1. Which ordering of SER154, SER77, SER47 is given by a fewest-first count of other beta-carbon atoms within 10 Å?
2. In nm, what is the difference between 0.36 nm times the number of residues separating ALA172 and LYS4 and their Cα-Cα distance?
3. Would you mind computing the Rg to Rh ratio of region 26-201 from its alpha-carbon coordinates, Kirkwood style for Rh?
4. Which whole-Hz couplings ³J(HN,Hα) result when phi for each residue of region 80-94 is put into the Karplus expression 6.51 cos²θ - 1.76 cosθ + 1.60, θ = phi - 60°, listed in order with x for Gly and Pro?
5. Considering only DSSP beta bridges with both partners in region 26-201, what is the antiparallel share in %, to the nearest 5?
6. With θ set to phi - 60° and the Karplus curve 6.51 cos²θ - 1.76 cosθ + 1.60, what are the ³J(HN,Hα) couplings of region 166-172 in order, to the nearest whole Hz, using x for Gly and Pro?
7. Take region 1-109, compute every pairwise Cα distance, and split them into 5 Å bins from 0; I just need the percent in each bin.
8. What pairs from LYS129/LYS160; LYS71/LYS144; LYS18/LYS65; LYS2/LYS144 go past 19 Å between their alpha carbons?
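Coordinate-derived values only; no laboratory data. Bear in mind that the values here come from a model prediction, so they are computed numbers and not experimental data. Backbone-built Cβ (ideal geometry, glycine too); neighbour counts: all protein chains shown.
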Amino acid sequence: MKKKQLEILLEGVQGFYKPDLRREQYLTPAPIAAELLHFAHMRGDLSGTVCDLGCGTGILAIGAKLLGAEKVIGVDSDLGALRIARANAKNLGVDVEFICCDVMDFAIHEHRSINPTVIMNPPFGAQIKGSDRPFLRKALEIGKTIYSLHNVGSMEFVSKYIQPYAIITDCAKMGFPMKRTFEFHKKDIEMVNVELYRLERREKDAKNKG
């Protein structure tokens, strides 16, 4: 499937009914989701099991399945968001397993998979400083290859944080068209510069990352 075709399909994914500011619940725009997923697909990282941490209403998880992932698991602690995610998956005719739990409580071995590819658009930490760290910790614990979106300029922090367990192998910069979601937003669409990192885990186990 071509990237543009994927983007068109993902445009039909519904966002949050009542987005939570503290969770930084923004729907990942279809062009950004398609870019991340196509980037991973072209590197052969979406062929097996894929985990979307903090999946929200499911756009990345659904996109991974559309691109042929064997098994896709979406994890989020917001039950309301997962109800929308399940409806989105049904509407697009894909089978995705959605699990409601805190990201740090998720255990991949319970789902009979080893070293899945992790895809995620974690909180950037704009509301609660450090809120992206649990996602990085869990990704390092369960995944061999990780695709993660962050604010532009985060490379130094991410690179240091993942040492010595993983390295950044690729970085792509892109504009994130954030739609008006909360009352303090002044524009209908605010373009935010973000960076997509591809990480590869070095060590067998990163459970002790703090």
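1. Working: SER154 19, SER77 16, SER47 13.
Least to most surrounded, the residues fall as SER47, SER77, SER154.
2. Values: separation 168, 0.36 × 168 = 60.48 nm, distance 1.79 nm.
Result: 58.7 nm gained on full extension.
3. Values: Rg = 15.1 Å, Rh = 16.2 Å.
Taking Rh as the inverse mean 1/r over Cα pairs, Rg/Rh reads 0.93.
4. x, 5, 5, 4, 5, 4, 5, 5, 4, 4, 5, 4, 9, x, 10
5. Values: 20 of 37 bridges.
Around 55 percent of the beta bridges assigned by DSSP in region 26-201 are antiparallel ones.
6. For region 166-172, the Karplus-derived couplings read 8, 10, 8, 9, 8, 9, 10 Hz, x marking Gly and Pro.
7. 2, 14, 25, 26, 20, 10, 3, 0
8. Working: LYS129/LYS160 17 Å; LYS71/LYS144 16 Å; LYS18/LYS65 26 Å; LYS2/LYS144 25 Å.
Where the Cα-Cα span goes over 19 Å, the pairs concerned are LYS18/LYS65; LYS2/LYS144.
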